[in-house]
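The values are calculated or read from the model by the stated rules, or taken from the named source; none is laboratory data. Owing to the predicted nature of the structure, the values given are computational and were not obtained by experimental measurement. Positions of Cβ are backbone-derived with ideal geometry, glycine not excepted, and every protein chain shown enters the neighbour counts.
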Amino acid sequence: MIPIYREFENASGSIVGKYHLRIGLNNQDNYLLMDHPDHIVAIVCDGCGSGPTSEVGATLGSSMVSWELSASGLYRLGDDRKEIDLCLERVRRLIVDRIVSVAFKVGLPFVTAISDSFLFTIVAAVIGKEHTYIISFGDGFYALNGNVKEIGPFENNAPPYIAYGAVEERLEKRDDLKFVLHEVIPTSELQSLLIATDGLGDFIDAMDKKLPGKDESVGDVSQFWTNDLYFSNQAAVGRRLSLTNRSVGKFDRQSNRLTHEHGYLKDDTTLISIRRKHGRSESQ
């Protein structure tokens with residue numbers, strides 16, 4: 001049987017949001033895709049906007065989460081919800097332990113290190129030979145076989161962060177500090193899958209608007225799993241996000257004034273799109 005990653009192709013990209021550009025913050029999103037012979041793990045992480053260095057946690061978090069999900073054997077558990085929940089709770093505890101270990105080494109008071117650098121949300125997909133899983137910790141988006149779903153939003157724009165488990169009593173106590181399992185489907189039924197940070201909502205809201213400086217519209221989010229260009233050119237997703245978010249100046253000769261068209265992506269926006277290769281199925 002061929003490796004699972006040969007049955008699928010992927011495209012990905014990320015862009016800093018307008019608000020972060022305006023105040024001089026970095027892109028606080030991160031993403032990672034890991035191919036293994038018997039499973040694929042895809043992760044997008046979104047650092048908390050109020051954390052001055054949340055990109056640190058998002059970057060480390062994407063690596064921590066992907067490795068722990070892979071090592072957990074989740075992709076072998078089938079559709080037994082009880083076993084899946086137990087597995088995800090073990091993964092959560094291991095990730096929290098890793099965050100604690102790193103946070104103690106950054107040279108800041110522990111709670112400050114957590115709140116400044118380690119608050120990030122997670123949307124993840126694990127594709128095994130038999131089953132595919134979509135999970136989250138916090139807000140974001142996913143689209144399974146063309147069906148787009150938003151995770152959240154949360155009250156007061158305050159999603160749960162996995163790092164709250166490290167300082168739950170001192171930083172914030174809440175009862176939703178757990179991974180949420182959204183979908184389990186047979187991988188044989190998987191045709192396309194997209195995971196994204198919550199910035200994708202701005203893209204969806206702008207789909208009927210014109211790209212700044214162009215007559216072309218932003219377009220439906222489905223382009224990211226239907227358009228072959230994104231899978232043949234790995235820079236294409238980032239370019240599309242950049243075109244959607246750029247500012248363009250135009251000189252109006254009649255009014256003798258310079259006008260500007262501005263982009264639409266207020267928040268950092270990151271996505272990974274995966275689709276089955278044309279003509280491929282697991283039976284081949």
Quick one: count up the residues across the stretch 202-220 that are buried (at least 21 other Cβ atoms within 10 Å of the Cβ) and more than 22 Å from K250 (Cβ to Cβ). 1
Considering each residue of the stretch 7-39, count those that are without any contact (Cβ under 8 Å) to a residue 40 or more places away in the chain and surrounded by fewer than 19 Cβ atoms within 10 Å (Cβ to Cβ), and give that number. 9
Looking at S63, is it of a type in the set (S, T, Y), surrounded by fewer than 20 Cβ atoms within 10 Å (Cβ to Cβ) and under 14 Å from F118 (Cα atoms)? yes
Residue pairs qualifying under the 6 Å Cβ cut-off, at least six apart or on distinct chains, with the first in the stretch 104-131 being over 20 Å from G199 (Cα atoms) and at pLDDT below 95 and the second being surrounded by fewer than 20 Cβ atoms within 10 Å (Cβ to Cβ) and of a type in the set (K, R), are V111/R170
Of the residues in the stretch 81-92, how many are closer than 14 Å to V65 by Cβ, among the charged types (D, E, K, R) and free of Cβ contacts under 8 Å to residues at least 24 places away in the same chain? 1
I'd like to verify a number: residues in the stretch 1-32 that are among the β-branched types (V, I, T) and in contact with a Leu (Cβ under 9 Å, 6 or more places away or on another chain), how many? 2
Would you be able to say whether some residue in the stretch 40-54 is among the polar types (S, T, N, Q), closer than 18 Å to D267 by Cα and surrounded by fewer than 19 Cβ atoms within 10 Å (Cβ to Cβ)? yes
Odd one out for D139 among (1) within 19 Å of the chain's Cα centre (by Cα); (2) over 22 Å from V221 (Cβ atoms): (2)
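Listed here are the residues, each with its yes/no results for (1) within 28 Å of N145 (Cα to Cα); (2) in contact with a Pro (Cβ under 7 Å, 6 or more places away or on another chain).
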| residue | (1), (2) |
| --- | --- |
| P212 | no, no |
| V218 | yes, no |
| R246 | no, yes |
| D268 | yes, no |
| S273 | yes, no |
